[in-house]
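Undergrad: So that we are looking at the same thing, I have put the structure below in structure tokens.
The values are calculated or read from the model by the stated rules, or taken from the named source; none is laboratory data. What you see is a predicted model, and the numbers here were worked out from it, not measured in a lab. Note: ideal-geometry Cβ built from the backbone for every residue, glycine included; neighbour counts use all protein chains shown.
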């Protein structure tokens, strides 16, 4: 009986005194997950390049016109023929596709005919305003979502219903319509902010609000649901029993758990903000990748269009990987839980 008891306890003792293999296993699983995300990101980039290439080629019009100076220059047939031969536009589409993929693998994004410079140079000149706008909008969206949740979750049926309803409304607002309303009210009538082309912090407010309010609606909805669940947990009851104030409970305990679903949405939100920058930068006459992409599409500038789309896809992929890592930092249970 004693021998059986000793042998039954031995494996448990080994598991307690030898945590090394388990820790190594968790590290390998985390590394494997990151490598899986990287592989998936490569597939996303290839898909973005391929779909954009096909979309540009299916658009009506002759791509050679962009290389010949644009529609306004009225290029002759001889010039169009020379440009077509020079840039290989007379080759089969499948040949052009593989040539372009080969150039991308060597870091060559091509030459922008509409901008008369390499695509990499166009991106280098325009990435900073777009990064400033998207990151500022993401931070603002989080601030709006968190503050609104703190003020309205479990504050009585009426206030909670109003808070939830406004989040749904915000998430449903079209960015273009919202931008026009903000321009009409805060720029034209009140005159608090510049209407278009503003520089500095003041010129960033209206474009950031246009992008941030709908995203804040989405973040607020998932944060609210988790917030309500967190406030029902035993550790919240214990904190209140120790005399902690309501704001202390919300800020120190409930909020950390409530933002976890929103953290996972941040990667998607960043990609959505960059794509929304196409509309916002055009509406507010701001320089950036969105305006460059719009010019590339309207002028059928294939290298510029694909180059900007790829940069947006790269940002989305990197953001997704970083968010996956950040999720484990915010929630220590994912680091210590057995994999």
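Undergrad: What are the residues in the range 269-285 that are part of a helix (DSSP H, G or I), out of contact with any helix residue (DSSP H, G or I) (no Cβ under 6 Å at 6 or more places or on another chain) and modelled with pLDDT of 80 or more, if any?
TA: 272
Undergrad: Turning to a different aspect of this structure: Residue check: is residue 158 modelled with pLDDT under 90 and either within 23 Å of the chain's Cα centre (by Cα) or not in a loop (DSSP other than H, G, I, E, B) (or both)? Quick ask: steps written out before the conclusion?
TA: On the way: modelled with pLDDT under 90: no; either within 23 Å of the chain's Cα centre (by Cα) or not in a loop (DSSP other than H, G, I, E, B) (or both): yes.
The answer is no for residue 158.
Undergrad: Going through the range 29-52 one residue at a time, which ones are over 22 Å from the mean Cα position of the chain (by Cα) and either exposed (fewer than 15 other Cβ atoms within 10 Å of the Cβ) or at pLDDT 75 or above (or both)?
TA: Listed by number, the residues that qualify are 29, 31, 32.
Undergrad: Suppose the filter is touching a strand residue (DSSP E or B) at 6+ places or on another chain (Cβ under 6 Å), in contact (Cβ under 8 Å) with a residue 12 or more places away in the chain and crowded, with 19+ Cβ neighbours inside 10 Å; does residue 65 pass it?
TA: Working: touching a strand residue (DSSP E or B) at 6+ places or on another chain (Cβ under 6 Å): no; in contact (Cβ under 8 Å) with a residue 12 or more places away in the chain: yes; crowded, with 19+ Cβ neighbours inside 10 Å: yes.
When the stated conditions are applied, residue 65 does not pass them.
Undergrad: State the number of residues belonging to the range 112-146 that are out of contact with any strand residue (DSSP E or B) (no Cβ under 9 Å at 6 or more places or on another chain), buried (at least 21 other Cβ atoms within 10 Å of the Cβ) and either in a helix (DSSP H, G or I) or at pLDDT 90 or above (or both).
TA: Residues flagged as out of contact with any strand residue (DSSP E or B) (no Cβ under 9 Å at 6 or more places or on another chain), buried (at least 21 other Cβ atoms within 10 Å of the Cβ) and either in a helix (DSSP H, G or I) or at pLDDT 90 or above (or both) within the range 112-146 amount to 9.
Undergrad: Of the conditions (1) assigned to a helix (DSSP H, G or I); (2) farther than 30 Å from residue 182 by Cα; (3) modelled with pLDDT of 85 or more, residue 243 clears all except one; give me its number.
TA: Only one criterion is unmet by residue 243, namely (1).
Undergrad: Being buried (at least 18 other Cβ atoms within 10 Å of the Cβ) and closer than 20 Å to residue 211 by Cβ is the filter here; which residues of the range 147-170 pass it?
TA: Residues satisfying the conditions are 148, 149, 167, 170.
Undergrad: Which of the residues spanning the range 293-311 are crowded, with 23+ Cβ neighbours inside 10 Å and either out of contact with any helix residue (DSSP H, G or I) (no Cβ under 8 Å at 6 or more places or on another chain) or closer than 27 Å to residue 40 by Cβ (or both)? Spell out how you get there, then give the answer.
TA: Looking only at the range 293-311, we keep the residues that are crowded, with 23+ Cβ neighbours inside 10 Å, and these are 293, 296, 300-309.
Of everything in the range 293-311, those that are crowded, with 23+ Cβ neighbours inside 10 Å and either out of contact with any helix residue (DSSP H, G or I) (no Cβ under 8 Å at 6 or more places or on another chain) or closer than 27 Å to residue 40 by Cβ (or both) turn out to be 293, 296, 302, 303, 304, 305, 306, 307, 308, 309.
Undergrad: Pick out the one residue from 214, 207 that is within 20 Å of residue 150 (Cα to Cα) and either in a helix (DSSP H, G or I) or under 26 Å from the mean Cα position of the chain (by Cα) (or both).
TA: 214
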